[in-house]
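Here the structure is laid out as structure tokens; the discussion comes afterwards.
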Amino acid sequence: MKRIVVGTAGHIDHGKTTLVQALTGINCDRLKEEQERGITTELGFAHYRSDNDLIIGIVDVPGHEKFIRHMVAGAWGIDMALLVVAADEGVMPQTREHVDICELLGLKKGIIAITKADLVDEEMIELVEEDIKDFLKGRTLEGSPVIPVSAATGMNLDALKMSIRNMAMELQERSKEGIFRLPVDRVFTIRGLGTIITGTCISGSIKTGEEIEIYPHHKRAKIRNIQVYHEDAPEAVAGQRVALNLQGIERLEVERGTIIGKPDTLILSTRVDASLKYLNLPSNPIRSESTLRFHIATTQTEARLILLDQDKIEPGQEVFTQFVFPEPIVTLPGDRYILRGPYAIQTIGGGQVLDIMPKRHKRKTDSINTIFSLLSNEDLHAKAEYHILKGEHGGIKKGLLSILLGKEGPSIDPIVEEMDRLGKIKSSGKWIIHMDRFVKYKDMLQKLVLSFHEKNPLKVGISKEELRMRLPKVEPQVFQAALDECIASGAVESDKDKVKIKGTGDTPDKERDAFEGHILKILAGYNLTPPSLKDLALEMHKPEGQLRDILQKLVFEGKVVKIKGDMYFNKNSIEGFKKQITSFLGSHKEIIPGDIKSMFDLSRKYTIPLLEYLDEIKLTIRVGDKRVLRG
């Protein structure tokens, strides 16, 4: 069964709610205040079946200018408009503003109902019809059916229903594919059931029992039950009016303006790139850095306007802009928004969101128009490449890329595979890096290793961790992929935990070798009581830093053993020490610090570090104040 959502539009007291009740039998003014005052202040919802193949859902919006926020929330996500104009008044200010909003939201289909036709004569109806046609000239609703009706007498209600049906059958039903989103427009509780939220499902689908996330609060809940047009349903899909019974969430944790989605499928945006059309109003130009009211879905917030290629926008102009928000919002590329003045007195424009995670652009540069053109077209491959390039050397997670394109994860696989085939990207696990950035990253890696050798000629190489920390921040798997490719190409080589330029240290250096031999000889002479690094440097008349580099190289090569801080021992001395300890423990089973002191004539300065070293290499294990052989 096809499902289409119709939204009413029109001036206050032109009979929108009365007409909806005549069409559906449902009074959308559910609040006592609305019924007493006779005006709609909140969104209302109704529906009816058209034969056995179509359900028409109707969102009834307030007509008063004070409730434009509610009107925008209701109009967002509808498929066609039902513009209501009273026969006794004709086109009025809110008629104009509502049509502006419908156009800015991208609505291209609608029907015009001239209500209260029973209150005027034929001549008046003809005048109002001409007024409507003149008003709609050059607008998206130009040429739409215009039908005089009366909710009181039933005049032409069947004709209106037939016109709605014909237009609905021509409309393409929203696809259930895509990222599931349901902007919340009502929240309430029912005793015994808990929290209920309602809204129009604008994309994707959700099933009973699935987990949902409430954005931007990052609260999670489970769907206990789904109703579509007051009937239980196993699934809710795009284009339906939906009520969700949520389990595990309190009434105060969700409100109008929040978005229901699946976990980790949406992101929060504190700035967006967008197109902006300033309505052709008798108004002043709007300057960059102005603060305006930004309406998107059921969310209303302040936004700072940043014009990217000019300092002000004139009425009637359409430009590329960036909006910055004081609090994060939830949106996707392609979403339509409405812009109102700082005091929310009048709708002044709107447009389409183009990038939900943009950079801070440098204004008035040649690249601005290029970016605007790229983001405005339908080339997903070009947009994907643009977002991947924004990730610089760190690239971008595949899941995030799908959100930036406004697509479900699996649906972008063909795009990624094609870019990979063309050599435009490098994939590493869940990460995607543009090949240009990856090549530059590898080049930086090689240059950094070379620079390290030039500054530290006596060191074996740079540790992998130090190398990774000195390079631009990337995920570990990206760094490893770059290092692996550099090793495979022969640019660098890895030895244990060190990375070096291939061949470094292989060339014989008689002076260096002699110096290293001299160090080993001195350490061998000290046996188990070597001097500190500082004293050793003074003894050898060498800079402390240079001596440390050589000692670290000898440690790496296994010729010297470093113990606790700056104690360096000749390897042969340590090996002899280990053999004697092993032999002692073989016959005595345990050893204490006093035994070490007696056996080797050592002070506590050396005894304790040597015992701790035996524990570290897992030769011994400490039991109280004693050591025993491990295992």
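The values are calculated or read from the model by the stated rules, or taken from the named source; none is laboratory data. Keep in mind it's a predicted model, so treat the numbers as computed, not measured. Here the Cβ is made from the backbone with ideal geometry for all residues, glycine too, and neighbour counts use every protein chain on show.
Computed values, structure above
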quantity	calculated
Qualifying residue in the stretch 89-102 (condition: of a type in the set (A, V, I, L, M, F, W, C) and part of a loop (DSSP other than H, G, I, E, B))	yes
Considering residues of the stretch 578-590 that are surrounded by 14 or more Cβ atoms within 10 Å (Cβ to Cβ) and out of contact with any Leu (no Cβ under 6 Å at 6 or more places or on another chain) only, the residue nearest to residue 558 (Cα to Cα)	578
Residue match in the stretch 610-617 (condition: closer than 23 Å to residue 521 by Cβ and in contact (Cβ under 8 Å) with a residue 12 or more places away in the chain)	yes
Selected residue (criterion: modelled with the lowest pLDDT) from residues of the stretch 168-186 that are surrounded by fewer than 19 Cβ atoms within 10 Å (Cβ to Cβ) and under 23 Å from residue 24 (Cβ atoms)	173
Answer residue from the stretch 339-366, given it is more than 27 Å from the chain's Cα centre (by Cα) and in a strand (DSSP E or B) and is nearest to residue 392 (Cα to Cα) among those	348
Output for the stretch 103-138, where each listed residue is of a type in the set (Gly, Ala, Ser) and either assigned to a loop (DSSP other than H, G, I, E, B) or within 26 Å of residue 240 (Cα to Cα) (or both)	106, 110, 113, 138
Residue pairs meeting the criteria (Cβ under 6 Å; at least 6 apart or on separate chains; first within 13 Å of residue 563 (Cβ to Cβ), in the stretch 527-553; second among the small types (Gly, Ala, Ser))	528/573
Helices (runs of 4 or more DSSP H) contained in the stretch 413-511 and holding at least 3 residues under 21 Å from residue 555 (Cβ atoms)	435-455, 464-470
Long-range neighbours under 6 Å by Cβ, at least six apart or interchain, first residue closer than 19 Å to residue 166 by Cβ and modelled with pLDDT of 90 or more within the stretch 3-29, second surrounded by fewer than 19 Cβ atoms within 10 Å (Cβ to Cβ) and among the hydroxyl-bearing types (Ser, Thr, Tyr)	24/48
Test: residue 529 is more than 24 Å from residue 516 (Cβ to Cβ) and either outside any helix (DSSP H, G or I) or at pLDDT 90 or above (or both)	no
The stretch 448-473, subset free of Cβ contacts under 8 Å to residues at least 60 places away in the same chain and basic (Lys, Arg), residue surrounded by the most Cβ atoms within 10 Å (Cβ to Cβ)	468
Selection status of residue 209, assigned to a loop (DSSP other than H, G, I, E, B), assigned by TED's automatic domain parsing to the domain that holds residue 192 and surrounded by 15 or more Cβ atoms within 10 Å (Cβ to Cβ)	no
Unique residue being free of Cβ contacts under 8 Å to residues at least 60 places away in the same chain, more than 30 Å from residue 311 (Cβ to Cβ) and among the charged types (D, E, K, R) when the list is 364, 398, 407	398
Unique match (being without any contact (Cβ under 8 Å) to a residue 60 or more places away in the chain, touching a Gly at 6+ places or on another chain (Cβ under 6 Å) and of a type in the set (Val, Ile, Thr)) among 120, 128, 184	128
Residues of the stretch 318-331 classified as within 23 Å of residue 367 (Cα to Cα) and of a type outside the set (S, T, N, Q), total	5
Residue satisfying condition, being of a type in the set (A, V, I, L, M, F, W, C), in the same structural domain as residue 484 (by TED's automatic domain parsing) and in contact with a strand residue (DSSP E or B) (Cβ under 8 Å, 6 or more places away or on another chain), within set 415, 396	396
Pair list, Cβ < 7 Å and 6+ apart or interchain, from the stretch 300-328 residues that are surrounded by fewer than 17 Cβ atoms within 10 Å (Cβ to Cβ) to residues that are assigned to a loop (DSSP other than H, G, I, E, B) and of a type in the set (A, V, I, L, M, F, W, C)	315/279; 315/281; 328/268
Test: residue in the stretch 563-571 that is in a helix (DSSP H, G or I) and of a type outside the set (Asp, Glu)	yes
